[in-house]
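Take a look at the structure below.
The values are calculated or read from the model by the stated rules, or taken from the named source; none is laboratory data. Here the structure is a predicted model, which is why all the values come from computation and not from measurement. Heads up, the Cβs are rebuilt from the backbone with ideal geometry, glycines too, and the neighbour counts pull from every protein chain shown.
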There are 2 protein chains.
Amino acid sequence: MNKVLRSWSQKRDKKQEKLGKVEKWLDGKYIDSSRIVDLMEALIDPGAKVVLEGDNQKQASFLSQKLLEVDPGKVHDLHMIMSSISRPEHLDIFEKGIAGKLDFSYSGSQSLRVAQMIDDGILKLGDIHTYLELFGRLFIDLIPDVVLVAADKSDREGNLYTGNNTEETPTIVEAAAFKDGIVIVQVNEIVDELPRTDIPASWVDVIVQAEKPYALEALFTRDPQNITELQILMGMMAIKGIYGKHQVQSLNHGIGFNTAAIELLLPTYGEQLGLKGKIAKHWALNPHPTLIPAIESGWVESIHSFGGEVGMEKYIAARSDVFFVGKDGSMRSNRAMCQVAGQFAVDMFIGSTLQMDCAGNSSTVTSGRLSGFGGAPNMGHDPRGRRHATPAWLDMIERPTELSKGRKLVVQMVETYGANKKPVFVDSLDAIKVKDESGLAITPIMIYGDDVTHVLTEEGIAYLYKTDSIEERKKALAAIGGVTPLGMESNESDASLLRDRGIVAYPEDLGIMRRQAKRSMLAAQTINDLVDWSDGLYDPPAKFRSWS
Amino acid sequence: MNKVLRSWSQKRDKKQEKLGKVEKWLDGKYIDSSRIVDLMEALIDPGAKVVLEGDNQKQASFLSQKLLEVDPGKVHDLHMIMSSISRPEHLDIFEKGIAGKLDFSYSGSQSLRVAQMIDDGILKLGDIHTYLELFGRLFIDLIPDVVLVAADKSDREGNLYTGNNTEETPTIVEAAAFKDGIVIVQVNEIVDELPRTDIPASWVDVIVQAEKPYALEALFTRDPQNITELQILMGMMAIKGIYGKHQVQSLNHGIGFNTAAIELLLPTYGEQLGLKGKIAKHWALNPHPTLIPAIESGWVESIHSFGGEVGMEKYIAARSDVFFVGKDGSMRSNRAMCQVAGQFAVDMFIGSTLQMDCAGNSSTVTSGRLSGFGGAPNMGHDPRGRRHATPAWLDMIERPTELSKGRKLVVQMVETYGANKKPVFVDSLDAIKVKDESGLAITPIMIYGDDVTHVLTEEGIAYLYKTDSIEERKKALAAIGGVTPLGMESNESDASLLRDRGIVAYPEDLGIMRRQAKRSMLAAQTINDLVDWSDGLYDPPAKFRSWS
């Protein structure tokens, strides 16, 4: 027996010792905001693994600003773990030497700066993740020493209320609280009685009332005014040629005008097709304002959400039959469980991309930017651990064998010339260059081609799950490639053969006339229309209120 | 605007109405156990979707027994949703007509009866799931109306303590509590102050103190006495030829003597190979007693667990540097997050099977039994949504291209003649027959062949990730197939070629001599040895105490 002689509660003892040192500043779990920098300096060791809560929407903005104020002589070389890098100070801490290494999921607006800082040697990149794998690693090999998170309210005991914007807060806190990490929470407000408890006090070490409420991004609001007729045409094709054809009953929609168009076409075009009650009943998505007309006209049975959406709070509270709402009347979002559901329990993922190669591989990474993945790859692949069957899933079986199983529908919806006026179909993805520039271990692909079942452009739909080879896949993409270089490789006889075999469908094959695709087809044409549909319950953020 | 005129809080209103009717029996959230059948009859509608907590280990056994006592004239045709069907009354409710439809993950000891009841038309099968997809569906299209769950303790307010055996209780409760489902909890004990809160009172509707503590299964205890020398040989090959070769740092082990042997060889054979600190550092697994020697000799940095294990409580409490332990000193297990971690965050899954076909597809389903999947398919596949890289994951890339990515190691470890003395390699899986007999939509495959990277038998290792075709995969399996019919198809020149190319390795290729594989290689040879390693902290269940 060759036993190691050591204490087996070193982390616990160290935590106790550290908390003992700051006890003088604490009133129960509470610390005055003026002392928070001192507290961080006392509790955070150099090199510590720190989760700073930057979610897709909610930001622990007070704590991130205060972290920037610590003395880099005392707190330095932190290994930061963040879902989303959204705020300047998330990167400023690297420039000051407070932080050294970064593991993250999504960088959005900071993507250019992340790439530059890696290049300059200021930031050492751990890895880029989807949300769910990053959450998983918090319990395996990225167990946090300290977590800095945000809640709406706390009570005297230290129980937390996170309400609509629960997102991943409980997941982050659980990983720390049960492995002797230190849990520091900023709250907007301290109250005697919470509407409900989202995180129990026994999981929390220190609470500070923030000087300003946490920052919250309205990421999922799309103004119907900006939906184009091309998007409407594509939306009609999606509804008839994909949702309806395969009986897609449960699904995820991401951010984007393409899917906003679909949401607004369900109550009009979907209704004309007689699809109500047959498709798009169960959703894993943020509470999109553009889904209000479909909800109000009875299309939607349930919505589980990753996070909240600014302005939707009152509407959600009044629609508890649809949303996940607590007894208190506010939603409980949960990014981890919604990602699980979006991966395993829904028939379809539909997304968009900036570039796609001829094999259907796609990426939103462009040169000089390291934008990360978020949740798309997690939902935009065929989850091979799934075993239950639904009509849409089974419909992906082309040549049944004794062992064949269904597939998740993974749909890419792109205009042949994207927002940047460049062809979406390319010979080689920019991501390959970015891999080399940033020293990544693998090329940052968002969705792999062999997971994609459908590609939809304004020209038509390529049913890639029916193709037999890379060559055929390329021909199918070319047939819907319009006047892009790839599209020009297609000729009428190829296309005609693919259409005959059901591998490609043009609008006319689906019985859709291009001139039908008018803005009048949208169930709501303005934000104001959405407010009307909601009986005045939807309260759009100021920047979307063009009429006021 | 074609709005549906309806109330949008029907489920909420109905819940309130129902709870109003039983208020007279309640003291706060508490009901006397003598009234629980009346309460169920009042709260559970015919046809309701009901989650009855049968986890892998913990059983809401008092509530399941009481559910069997309801009047089938009042409560009938329930749609039951259960992770695990473990107790006779889980199926008796179908025979009495109380329940009609079943969605489940794992049936274990009840697998024969499930198949028979489907055959007899007594039970209508929804679908068979892995754990994670079933949890996901609780938030999408299997949202529960009522959940019946078990906790250790509750306080006067109704907060719950689930401690070591938290398992999936919070996940089940969350799905109901935030969608106006009714949450009914059995507790072993009511106390003034909880050790900690695992589930907040505001998520709970009714609590009953059970007449007997909940049932708990010791599923993960393996007596080292029963480990054979063949298993030791295979364990040595696994450590040297897989774990060491690929630098597997994070992993999952399931139930089984094969992996118990590996756990007990790390501190001896692993140490000889100089692999300590290089492999097997981070684990997603239940607290296996056979891992104690590896922990004590400093191999293990962290363990996150799906559930608890009877007898390990004191040991876990004293090893908070390794396990996820709350401030109160008891572990927090979490099946949902551990499945997420086991899917996305670990390098390797290793499992066993009863049958494997020549393409590497495997199943534990045998004729007449519908045993379900549990968590194995969820961890035993390549998670295509993973984007972060580790050495083992990258090591699976055979022919690097610009877009190549790594793979999860999915290892199957089988003896060529299994426990039932039948060849493990078969031409056609019994699961195909079971599909037809039970009217399943797809054949119940546990692990698909194209996800398997390695197969290990007592003859050697087949590195399937290096094969180029189904034919080559079959030849590799034949080369390690021993005297099974498949094995007899292999000849020396085929095998020699595969060994030269590194597709197959025999013990001698790995520098392992068969005569080394002695029981004396095990770090513990009895349960008593495990207790000694644990400093007396491990307290084995009575049935494993041969010495007392």
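Within segment B:350-393, count every residue that is over 21 Å from the mean Cα position of the chain (by Cα), more than 10 Å from every other protein chain (Cβ to nearest Cβ) and either without any contact (Cβ under 8 Å) to a residue 40 or more places away in the chain or under 30 Å from B:Glu437 (Cα atoms) (or both).
4
Of everything in segment A:219-231, what is out of contact with any helix residue (DSSP H, G or I) (no Cβ under 8 Å at 6 or more places or on another chain) and either modelled with pLDDT under 95 or among the hydroxyl-bearing types (Ser, Thr, Tyr) (or both)? Give them in sequence order. It would help to see each step written out before you state the result.
Here is the first cut: in segment A:219-231, the residues out of contact with any helix residue (DSSP H, G or I) (no Cβ under 8 Å at 6 or more places or on another chain) are A:219, A:230.
Hit for segment A:219-231 is A:Leu219, nothing else.
Out of the residues in segment A:293-307 meeting the condition of being at the interface with chain B (Cβ under 10 Å from one of its Cβ atoms) and among the β-branched types (Val, Ile, Thr), tell me which one is surrounded by the most Cβ atoms within 10 Å (Cβ to Cβ). Please lay out each step first, then the result.
We begin by selecting, within segment A:293-307, every residue at the interface with chain B (Cβ under 10 Å from one of its Cβ atoms); these are A:293, A:295-299, A:301-305.
Those still in the list that are among the β-branched types (Val, Ile, Thr) too: A:295, A:303.
Values: A:Ile295: 27, A:Ile303: 23.
By that ranking, first place goes to A:Ile295.
Looking only at segment A:141-175, which residues are within 13 Å of chain B (Cβ to nearest Cβ) and of a type in the set (A, V, I, L, M)?
Result: A:Leu142, A:Ile143, A:Leu160, A:Ile172, A:Val173, A:Ala175.
One residue is enough: does segment A:455-474 have a residue meeting the conditions within 21 Å of B:Leu403 (Cα to Cα), at pLDDT 95 or above, touching a helix residue (DSSP H, G or I) at 6+ places or on another chain (Cβ under 7 Å) and not hydrophobic (A, V, I, L, M, F, W, C)?
The answer is yes, given that some residue of segment A:455-474 is within 21 Å of B:Leu403 (Cα to Cα), at pLDDT 95 or above, touching a helix residue (DSSP H, G or I) at 6+ places or on another chain (Cβ under 7 Å) and not hydrophobic (A, V, I, L, M, F, W, C).
Mind checking whether some residue in segment B:398-410 is touching an Asp or Glu at 6+ places or on another chain (Cβ under 8 Å), among the charged types (D, E, K, R), farther than 30 Å from A:Asp103 by Cα and assigned by TED's automatic domain parsing to the domain that holds B:Val248?
No, there is no match, as no residue in segment B:398-410 is touching an Asp or Glu at 6+ places or on another chain (Cβ under 8 Å), among the charged types (D, E, K, R), farther than 30 Å from A:Asp103 by Cα and assigned by TED's automatic domain parsing to the domain that holds B:Val248.
Please go through (1) at pLDDT 95 or above; (2) within 25 Å of the chain's Cα centre (by Cα); (3) more than 10 Å from chain B (Cβ to nearest Cβ) for A:Met396 and return the number of the only condition it doesn't satisfy.
(2)
Let's see how each residue does on (1) of a type in the set (A, V, I, L, M); (2) under 26 Å from A:Gly270 (Cβ atoms); (3) within 32 Å of the chain's Cα centre (by Cα):
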position: A:Leu440; (1), (2), (3): yes, no, yes
position: A:Pro444; (1), (2), (3): no, no, yes
position: A:Lys475; (1), (2), (3): no, no, yes
position: A:Met488; (1), (2), (3): yes, no, no
position: A:Glu508; (1), (2), (3): no, yes, no
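Residues checked against (1) under 30 Å from A:Ser33 (Cβ atoms); (2) part of a loop (DSSP other than H, G, I, E, B); (3) not acidic (Asp, Glu):
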| site | (1), (2), (3) |
| --- | --- |
| A:Glu211 | yes, yes, no |
| A:Leu230 | no, no, yes |
| A:Gly235 | no, no, yes |
| A:Gly241 | no, no, yes |
| A:Leu251 | no, no, yes |
| A:Ile255 | no, yes, yes |
| A:Ala261 | no, no, yes |
| A:Pro267 | no, no, yes |
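Going by the conditions given, is A:Thr401 of a type in the set (Val, Ile, Thr) and more than 20 Å from A:Ile255 (Cα to Cα)?
Working: of a type in the set (Val, Ile, Thr): yes; more than 20 Å from A:Ile255 (Cα to Cα): yes.
Answer is yes for this residue.
Here's the yes/no breakdown for (1) over 21 Å from the mean Cα position of the chain (by Cα); (2) within 12 Å of another protein chain (Cβ to nearest Cβ):
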{"residue": "A:Phe139", "(1), (2)": "no, yes"}
{"residue": "A:Ala177", "(1), (2)": "yes, yes"}
{"residue": "A:Ile184", "(1), (2)": "yes, no"}
{"residue": "A:Leu194", "(1), (2)": "yes, yes"}
{"residue": "A:Val204", "(1), (2)": "yes, yes"}
{"residue": "A:Glu217", "(1), (2)": "no, no"}
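Return yes or no: is A:Ile255 away from chain B (no Cβ under 14 Å), surrounded by 21 or more Cβ atoms within 10 Å (Cβ to Cβ), out of contact with any strand residue (DSSP E or B) (no Cβ under 6 Å at 6 or more places or on another chain) and of a type in the set (Val, Ile, Thr)?
On the way: away from chain B (no Cβ under 14 Å): yes; surrounded by 21 or more Cβ atoms within 10 Å (Cβ to Cβ): no; out of contact with any strand residue (DSSP E or B) (no Cβ under 6 Å at 6 or more places or on another chain): yes; of a type in the set (Val, Ile, Thr): yes.
Spelling it out, it is not the case that A:Ile255 is away from chain B (no Cβ under 14 Å), surrounded by 21 or more Cβ atoms within 10 Å (Cβ to Cβ), out of contact with any strand residue (DSSP E or B) (no Cβ under 6 Å at 6 or more places or on another chain) and of a type in the set (Val, Ile, Thr).
Residue-wise test of (1) touching a Leu at 6+ places or on another chain (Cβ under 8 Å); (2) among the basic types (Lys, Arg).
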{"position": "B:Lys18", "(1), (2)": "yes, yes"}
{"position": "B:Gly28", "(1), (2)": "no, no"}
{"position": "B:Val50", "(1), (2)": "yes, no"}
{"position": "B:Asn56", "(1), (2)": "yes, no"}
{"position": "B:Leu63", "(1), (2)": "yes, no"}
{"position": "B:Lys66", "(1), (2)": "no, yes"}
{"position": "B:Glu69", "(1), (2)": "no, no"}
{"position": "B:Met80", "(1), (2)": "yes, no"}
{"position": "B:Arg87", "(1), (2)": "no, yes"}
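Among the residues of segment A:125-144, which ones are aromatic (Phe, Trp, Tyr) and assigned to a helix (DSSP H, G or I)? Before you say what the answer is, go through the steps one by one.
Taking segment A:125-144 as the starting set, the residues that turn out to be aromatic (Phe, Trp, Tyr) are A:131, A:135, A:139.
Of everything in segment A:125-144, those that are aromatic (Phe, Trp, Tyr) and assigned to a helix (DSSP H, G or I) turn out to be A:Tyr131, A:Phe135.
Search segment B:206-215 for residues being under 27 Å from the mean Cα position of the chain (by Cα) and surrounded by fewer than 19 Cβ atoms within 10 Å (Cβ to Cβ), and hand back the single one that is nearest to B:Ala48 (Cα to Cα). Can you show your working first?
In the first step, residues of segment B:206-215 are kept if they are under 27 Å from the mean Cα position of the chain (by Cα); the result is B:210, B:212-215.
Narrowing further to those that are surrounded by fewer than 19 Cβ atoms within 10 Å (Cβ to Cβ): B:212-213, B:215.
Numbers: B:Lys212: 27, B:Pro213: 27, B:Ala215: 25 Å.
Among residues in segment B:206-215 that are under 27 Å from the mean Cα position of the chain (by Cα) and surrounded by fewer than 19 Cβ atoms within 10 Å (Cβ to Cβ), the one nearest to B:Ala48 (Cα to Cα) is B:Ala215.
Among (1) under 23 Å from the mean Cα position of the chain (by Cα); (2) outside any loop (DSSP other than H, G, I, E, B); (3) over 20 Å from B:Ala478 (Cα atoms), there is one condition B:Val411 misses while meeting the rest; what is its number?
For B:Val411, the exception is condition (3).
Output the number of the condition that B:Lys276 fails; it satisfies all remaining conditions of (1) surrounded by fewer than 22 Cβ atoms within 10 Å (Cβ to Cβ); (2) closer than 24 Å to B:Asp382 by Cα; (3) more than 20 Å from the chain's Cα centre (by Cα).
(2)
Just one of (1) part of a helix (DSSP H, G or I); (2) under 25 Å from B:Thr169 (Cβ atoms) trips up B:Glu69, so point out which.
(1)
Per-residue answers, yes or no, for (1) surrounded by 24 or more Cβ atoms within 10 Å (Cβ to Cβ); (2) over 24 Å from B:Val248 (Cα atoms); (3) more than 7 Å from every other protein chain (Cβ to nearest Cβ):
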site	(1), (2), (3)
B:Glu309	yes, yes, yes
B:Met312	yes, yes, yes
B:Phe323	yes, no, yes
B:Ala341	yes, no, no
B:Met348	yes, no, yes
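Let me confirm something: among A:Met396, A:Met356, which residue is of a type outside the set (D, E, K, R), surrounded by fewer than 22 Cβ atoms within 10 Å (Cβ to Cβ) and either outside any helix (DSSP H, G or I) or out of contact with any helix residue (DSSP H, G or I) (no Cβ under 7 Å at 6 or more places or on another chain) (or both)? Before the answer, list the steps.
Details: A:Met356 fails: surrounded by fewer than 22 Cβ atoms within 10 Å (Cβ to Cβ).
The conditions single out A:Met396.
Scan segment A:19-35 and tell me whether some residue there is over 34 Å from the mean Cα position of the chain (by Cα), surrounded by fewer than 19 Cβ atoms within 10 Å (Cβ to Cβ), hydrophobic (A, V, I, L, M, F, W, C) and modelled with pLDDT under 95.
So far as segment A:19-35 goes, no, none of its residues is over 34 Å from the mean Cα position of the chain (by Cα), surrounded by fewer than 19 Cβ atoms within 10 Å (Cβ to Cβ), hydrophobic (A, V, I, L, M, F, W, C) and modelled with pLDDT under 95.
For residues that are outside any helix (DSSP H, G or I), under 23 Å from the mean Cα position of the chain (by Cα) and either in contact (Cβ under 8 Å) with a residue 60 or more places away in the chain or not assigned by TED's automatic domain parsing to the domain that holds A:Val183 (or both), tally how many sit in segment A:36-66. Working first, answer last.
Our first condition is that a residue be outside any helix (DSSP H, G or I); within segment A:36-66, this holds for A:44-60.
Adding the requirement that they be under 23 Å from the mean Cα position of the chain (by Cα) leaves A:50-60.
Then drop every residue that is not either in contact (Cβ under 8 Å) with a residue 60 or more places away in the chain or not assigned by TED's automatic domain parsing to the domain that holds A:Val183 (or both), which leaves A:50-53, A:55-60.
Number satisfying all stated conditions: 10.
Name the helices (runs of 4 or more DSSP H) wholly inside segment B:428-508 in which the number of residues that are more than 14 Å from B:Cys358 (Cβ to Cβ) is 2 or more.
Working: elements: B:430-438, B:470-479, B:485-488, B:492-500.
Those helices (runs of 4 or more DSSP H) span B:430-438, B:492-500.
Go through the residues of segment A:113-123 one by one and say whether even a single one is within 11 Å of chain B (Cβ to nearest Cβ) and part of a loop (DSSP other than H, G, I, E, B). Lay out the reasoning, then the answer.
So the first thing to find is which residues in segment A:113-123 are within 11 Å of chain B (Cβ to nearest Cβ), and the list is none.
Looking through segment A:113-123, none of the residues is within 11 Å of chain B (Cβ to nearest Cβ) and part of a loop (DSSP other than H, G, I, E, B).
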